[in-house]
Amino acid sequence: MKVIGITGGVGCGKSMVMDFLEKEYGAEILKADSVGHLLMEPGMPCYVQMREHFGDRILKPDGTIDRPAVAAIVFSDDKELAFQNDLMHPAIRNYILQKIEEARRSGKSCFFVEAALFFEDHYDDFCDEVWYIYADVKVRRERLAQDRGYSAQKIQEIMQQQMTEEEFRSRTSFTIDNSGSPEKTEQQIRERMQKL
């Protein structure tokens, strides 16, 4: 089974690529963000530890974790951010490795893992190859403003914290240019899938 990593900057269209791979090829896909959300659901180990550490101030009335409330705490306090990262990152990684093993045992041919902090969290250690989803900065800015309602300042702040295009290209094995139409992107994916 091939394990393929998917990465790229904010607004480049990683989710669109993952959705296409799942729909077109029945590929097993996993998004690190979604895993993080799952692991903070009531009853999950990370939920228990988050609640013990931060208290009920991070809970919504229904008992689920209020992620914006957590973000407000951790992004204004380095120690709290370190606590959250030390708790969540190993848990997410272990969950992903477990799911890869399950897919391997069930005879899947491909497994795709997507993460924004792909290299920072060393996901490339367990991938056979890594795809860089590229999109022109202007296109990314338009998508983020339109689809997520981000301000120009917020977009700039996020982009400044991420790896540069040169860094992404130097650390990945294949680039998909997602600046144009979905059809052009899909064609590039098809060509790569034929070679796998």
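Quick look at the values:
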item: Output for the stretch 156-171, where each listed residue is in a loop (DSSP other than H, G, I, E, B) and either open to solvent by 40 Å² or more (accessible area, probe 1.4 Å) or of a type in the set (D, E, K, R) (or both); result: Gln162, Thr164
item: Residue check, Glu183 without any contact (Cβ under 8 Å) to a residue 24 or more places away in the chain and farther than 22 Å from Phe20 by Cβ; result: no
item: Test: residue in the stretch 82-98 that is among the small types (Gly, Ala, Ser), loosely packed, with under 14 Cβ neighbours inside 10 Å, at pLDDT below 95 and under 30 Å from Gly55 (Cβ atoms); result: yes
item: Unique residue being closer than 21 Å to Ile189 by Cα and of a type in the set (A, V, I, L, M) when the list is Ile158, Ile133; result: Ile133
item: Yes/no for Tyr25 being open to solvent by 60 Å² or more (accessible area, probe 1.4 Å), among the aromatic types (Phe, Trp, Tyr) and touching a strand residue (DSSP E or B) at 6+ places or on another chain (Cβ under 9 Å); result: yes
item: Sole exception among (1) within 29 Å of Val48 (Cα to Cα); (2) open to solvent by 60 Å² or more (accessible area, probe 1.4 Å); (3) of a type outside the set (Lys, Arg); (4) assigned to a helix (DSSP H, G or I) for Glu120, by number; result: (4)
item: Residue among Ser109, Ser34, Ser76 that alone is touching a Lys or Arg at 6+ places or on another chain (Cβ under 9 Å) and of a type in the set (Ser, Thr, Tyr); result: Ser109
item: Residues that are surrounded by fewer than 16 Cβ atoms within 10 Å (Cβ to Cβ) and of a type in the set (A, V, I, L, M), drawn from the stretch 172-188; result: none
item: Search result, residues across the stretch 51-81 that are among the acidic types (Asp, Glu) and surrounded by 11 or more Cβ atoms within 10 Å (Cβ to Cβ); result: Asp66, Asp77, Glu80
item: Any hit, the stretch 44-65, residues being within 23 Å of Glu102 (Cα to Cα) and in contact (Cβ under 8 Å) with a residue 12 or more places away in the chain; result: yes
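This table checks each residue for (1) touching a Cys at 6+ places or on another chain (Cβ under 6 Å); (2) open to solvent by less than 30 Å² (accessible area, probe 1.4 Å); (3) outside any strand (DSSP E or B); (4) within 24 Å of Ile29 (Cα to Cα).
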position: Asp125; (1), (2), (3), (4): no, no, yes, yes
position: Val130; (1), (2), (3), (4): no, yes, no, yes
position: Lys138; (1), (2), (3), (4): no, no, yes, no
position: Glu142; (1), (2), (3), (4): no, no, yes, no
position: Tyr150; (1), (2), (3), (4): no, no, yes, no
position: Lys154; (1), (2), (3), (4): no, no, yes, no
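The values are calculated or read from the model by the stated rules, or taken from the named source; none is laboratory data. For clarity, every value in this text was computed on a predicted model and none was experimentally measured. Backbone-built Cβ (ideal geometry, glycine too); neighbour counts: all protein chains shown. Ligands, DNA and RNA are excluded from the accessible area calculation, which covers all protein heavy atoms including side chains. Shrake-Rupley method; radii C 1.70, N 1.55, O 1.52, S 1.80 Å.
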